[in-house]
1. Applying the selection to the stretch 108-137, what residues are open to solvent by 90 Å² or more (accessible area, probe 1.4 Å) and either touching a Pro at 6+ places or on another chain (Cβ under 9 Å) or not assigned by TED's automatic domain parsing to the domain that holds Phe251 (or both)?
2. Being part of a loop (DSSP other than H, G, I, E, B) and without any contact (Cβ under 8 Å) to a residue 24 or more places away in the chain narrows it down to one of Pro55, Pro51, so name that one.
3. Could you please let me know if Val30 is β-branched (Val, Ile, Thr), in the same structural domain as Glu82 (by TED's automatic domain parsing) and within 60 Å of the chain's Cα centre (by Cα)?
4. Tally the residues that are among the polar types (S, T, N, Q) and open to solvent by 40 Å² or more (accessible area, probe 1.4 Å), restricting the search to the stretch 22-57.
5. Among the residues of the stretch 319-341, how many are open to solvent by 80 Å² or more (accessible area, probe 1.4 Å) and charged (D, E, K, R)?
6. Of a type in the set (D, E, K, R) and either open to solvent by 80 Å² or more (accessible area, probe 1.4 Å) or closer than 30 Å to Tyr321 by Cα (or both): which single residue out of Glu76, Glu11, Glu7 fits that description?
7. Out of Val274, Val304, Val289, Val293, which single residue is hydrophobic (A, V, I, L, M, F, W, C) and more than 18 Å from Asp220 (Cα to Cα)?
Amino acid sequence: MLDKLKELEDEARGKIEEANSLDELKEVKVLYLGKKGRLTALLRSLGSAPPEDRPVIGKKANALRQELEQAIERKEKSMHDEQKKGKWEQERIDVTLPGRPASPGQKHPLTMINDEIKEIFLGLGFQVAHGPDIESEYYNFEALNIPADHPARDMQDSFYITPQFLLRTHTSPVQIRAMEKRAPKLPVRVIAPGKVYRRDDDATHSPMFHQVEGLAVDRDITFADLKGTLLLFAREMFGADQKIRLRPSFFPFTEPSAEVDISCIMCGGEGCRVCSETGWLEILGAGMVHPRVLQIAGYNPREVTGFAFGMGVERIAMLKYGIGDLRLFFSNDLRFLKQFS
Ligand code: DAH
């Protein structure tokens with residue numbers, strides 16, 4: 001039996017040596033040390049050995065069991081280490097490879113237009129004001145002379161958060177906030193760029209879009225000031241030979257109110273497909289601040305007057321760059337966006 005043990009030892013050691021993978025090593029382990037393994041079987045058959053030999057054989061067999069276990073463990077560990085090293089070699093960074101050029105980002109076309117609008121009005125002495133995207137029903141409607149039952153609320157189908165709060169449907173509430181902050185001091189001259197939200201979604205409407213609001217309040221501000229300011233804006237934005245046209249309109253927060261057109265930038269006023277043969281393109285709404293709005297915001301409408309306007313940034317960008325579908329601005333397609341560098 002001692003001979004058999006010796007034989008088994010040599011065989012097992014040989015197999016451990018030869019094992020080329022962790023799987024093979026596991027097989028060797030099962031073959032000798034497993035429940036039905038060869039060494040296990042030998043230990044079990046100890047009963048058939050002569051009683052005086054049993055202690056010696058038993059001791060040796062147990063010692064061998066431990067040794068083989070350790071040998072397998074050592075080999076396992078060295079295989080693990082090898083494997084890790086191999087992976088590391090594979091993943092090693094080749095520092096001599098030429099780098100991939102990082103392409104610098106650029107401004108989104110809407111940001112570019114927004115910046116341009118801001119520049120024009122900053123040059124005229126306006127300051128930039130901001131208001132919250134989540135606006136109270138009071139600032140979005142009530143203070144702008146749009147009472148709860150007014151049909152003008154339906155024109156701006158809204159996203160309500162609670163009955164009192166909604167995503168602002170226009171930047172006009174910033175007019176009220178700016179006046180409240182400054183009253184009774186004069187003048188107020190602000191523009192308010194920002195996001196607005198309406199339940200609209202098609203090629204020319206997006207549920208989120210951008211507006212820039214304008215407001216000037218002072219003594220003796222007239223409709224002529226409004227017209228002159230907007231003409232200057234149109235010329236700076238679209239070219240020095242631009243004309244503008246004001247059409248009577250209605251907004252609850254201005255009186256009188258106007259819709260403002262620029263001469264068509266495609267045909268110069270001749271009439272074409274873009275302007276529906278009219279020669280004109282609508283770009284914004286405007287008017288003289290309603291006396292009630294001035295009063296609500298803390299000014300005496302008998303002493304001061306003001307003008308206001310609101311324009312859609314997407315609309316201006318579409319006209320300026322000749323873009324037919326507004327959704328392109330929000331689809332994150334680099335082939336589109338890269339054209340504006
Ligand atoms: N708030 C209006 C809208 O979103 C646009 C507007 C019209 C703003 C006239 C004004 C204004 O300041 O005077 O439809």
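1. His130
2. Every option except Pro51 fails the conditions.
3. Yes.
4. Matching residues across the stretch 22-57 total 2.
5. So the count comes out to 3.
6. So the residue among Glu76, Glu11, Glu7 that is of a type in the set (D, E, K, R) and either open to solvent by 80 Å² or more (accessible area, probe 1.4 Å) or closer than 30 Å to Tyr321 by Cα (or both) is Glu7.
7. Val274
The values are calculated or read from the model by the stated rules, or taken from the named source; none is laboratory data. Since the model is a prediction, treat every value here as computed from it, not as a measurement. In this analysis, Cβ positions are derived from the backbone assuming ideal geometry, glycine residues included, and neighbour counts consider all displayed protein chains. Please note that ligands, DNA and RNA were not included when accessible areas were found on the heavy atoms of the full protein model with its side chains. Shrake-Rupley method; radii C 1.70, N 1.55, O 1.52, S 1.80 Å.
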